[in-house]
1. Looking only at region B:9-55, count how many residues are of a type in the set (A, V, I, L, M, F, W, C), in contact (Cβ under 8 Å) with a residue 24 or more places away in the chain, within 14 Å of chain A (Cβ to nearest Cβ) and away from DNA strand D (no atom under 12 Å from the Cβ).
2. Are there any helices (runs of 4 or more DSSP H) wholly within region B:50-136 with 1 or more residues that are touching a Pro at 6+ places or on another chain (Cβ under 7 Å) and at pLDDT 90 or above, and if so which?
3. Considering every residue within region A:21-31, establish whether at least one is open to solvent by less than 70 Å² (accessible area, probe 1.4 Å), more than 15 Å from DNA strand C (Cβ to nearest atom), modelled with pLDDT under 95 and not acidic (Asp, Glu).
4. What number of residues in region B:108-120 are at the interface with chain A (Cβ under 7 Å from one of its Cβ atoms) and closer than 14 Å to A:ARG64 by Cα?
5. Quick check: is even one residue across region A:56-70 within 17 Å of the chain's Cα centre (by Cα), open to solvent by less than 80 Å² (accessible area, probe 1.4 Å) and β-branched (Val, Ile, Thr)?
There are 2 protein chains.
Amino acid sequence: MNASTKIDKDDRVQFSITELAEEFGVTSRTIRFYEDKGLVNPEREGTTRIYSRKDRGRLKIILRGRRLGFSLQDIKKMLDMYSPKGEPTGQLTFTLQKCEEQLEKLIAQRTDINEAISELEDGIAQLREHLASGDNVADGCKKTIA
Amino acid sequence: MNASTKIDKDDRVQFSITELAEEFGVTSRTIRFYEDKGLVNPEREGTTRIYSRKDRGRLKIILRGRRLGFSLQDIKKMLDMYSPKGEPTGQLTFTLQKCEEQLEKLIAQRTDINEAISELEDGIAQLREHLASGDNVADGCKKTIA
DNA sequence: AATATAGTTGACGTTTACGTAAACGTCAAC
DNA sequence: GTTGACGTTTACGTAAACGTCAACTATATT
């Protein structure tokens, strides 16, 4: 049980926690944390975690979900509703709904950020004026920004 | 000490905590919290906080700072460097620098958000396709979103 | 006086996504 | 037979910006 059980090289079937951690640019602590939260459930060899390709896939999904701003809770639900055998219709509509919600949130955020950016740009311009004119601001400037 | 000390109506000189809380749409607890953090320092009449117009101005600044995404710490520094008597030059350049930093952060955030939005829009489109075609997704869909 | 109203302090709770140490097991290599 | 790398569990810590609650106090009105 050595050369035969040992995996070849690149298209692995099993992965260690650190391998996946490195591959995805997170710490193993993070991956264990996801397990705590019920997002992954690797096999065990004794106590050591053994990750399958499927587990790896789930991790990929989790990480993308995070990038897209989903909470781990939402991601869990999406994954949970996926696993059953047959019709993933429920899961699909759920995911779709969550995606749409998130999309709206992001758009709202973008709006906010755009406003903040405008305000800041204006403020910066005014600050520069004051600094250039050596203005002895007494009480008027703070109204601009701070 | 009633009709004379009582403020007239609109261009007040003193404010209670709840007045300001309502005006700015925050709870009084929040305002006290800001005081804890050293952002405001209202007078006291006994134990009761009395906010001056200046305090109110500071609150305004604080709230705008929050909207612009500054941390309370940064806001505090901006405010702190303001109060001294003379040249607010130091404060101005500090504030300016912070503003520029924040502007960059916000722009970076906007970029991230825009990417996320694109990804989400794509994902949503694909989910819709699958749902429309009644696709019996086995393992391919989850690669899309979840 | 007693209730009502507003205000205060202090301390702990909340949320999210992990970090960080402690203390120990396991396995291969030297 | 020890070293070192990697792994495990348990559990408390962190950061930000408040919320919540309990127990008082102070003032005003009934």
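1. First, pick out the residues of region B:9-55 that are of a type in the set (A, V, I, L, M, F, W, C): B:13, B:15, B:17, B:20-21, B:24, B:26, B:31, B:33, B:39-40, B:50.
From what's left, in contact (Cβ under 8 Å) with a residue 24 or more places away in the chain: B:13, B:15, B:17, B:20, B:24, B:26, B:31, B:39, B:50.
Adding the requirement that they be within 14 Å of chain A (Cβ to nearest Cβ) leaves B:39.
The next check asks that each one be away from DNA strand D (no atom under 12 Å from the Cβ); those that pass are none.
Selection size over region B:9-55: 0.
2. B:53-67
3. Filtering region A:21-31 for residues open to solvent by less than 70 Å² (accessible area, probe 1.4 Å) gives A:21, A:24-26, A:28, A:30-31.
From the residues that got through so far, the ones that are more than 15 Å from DNA strand C (Cβ to nearest atom) too are none.
No, because not a single residue in region A:21-31 is open to solvent by less than 70 Å² (accessible area, probe 1.4 Å), more than 15 Å from DNA strand C (Cβ to nearest atom), modelled with pLDDT under 95 and not acidic (Asp, Glu).
4. The number of residues fulfilling the criteria is 5.
5. So the first thing to find is which residues in region A:56-70 are within 17 Å of the chain's Cα centre (by Cα), and the list is A:56-70.
So of that shortlist, the ones also open to solvent by less than 80 Å² (accessible area, probe 1.4 Å) come out as A:56-59, A:61-65, A:68-70.
With β-branched (Val, Ile, Thr) added as a condition, the list becomes A:61-62.
Yes, some residue in region A:56-70 is within 17 Å of the chain's Cα centre (by Cα), open to solvent by less than 80 Å² (accessible area, probe 1.4 Å) and β-branched (Val, Ile, Thr).
The values are calculated or read from the model by the stated rules, or taken from the named source; none is laboratory data. Everything numeric here is computed off the predicted structure, so don't read it as measured data. Here Cβ is always computed from backbone atoms with ideal geometry, including for glycine, and neighbour counts include all displayed protein chains. Calculation scope for accessible area: heavy atoms of the full protein, side chains included, ligands and nucleic acids excluded. Shrake-Rupley method; radii C 1.70, N 1.55, O 1.52, S 1.80 Å.
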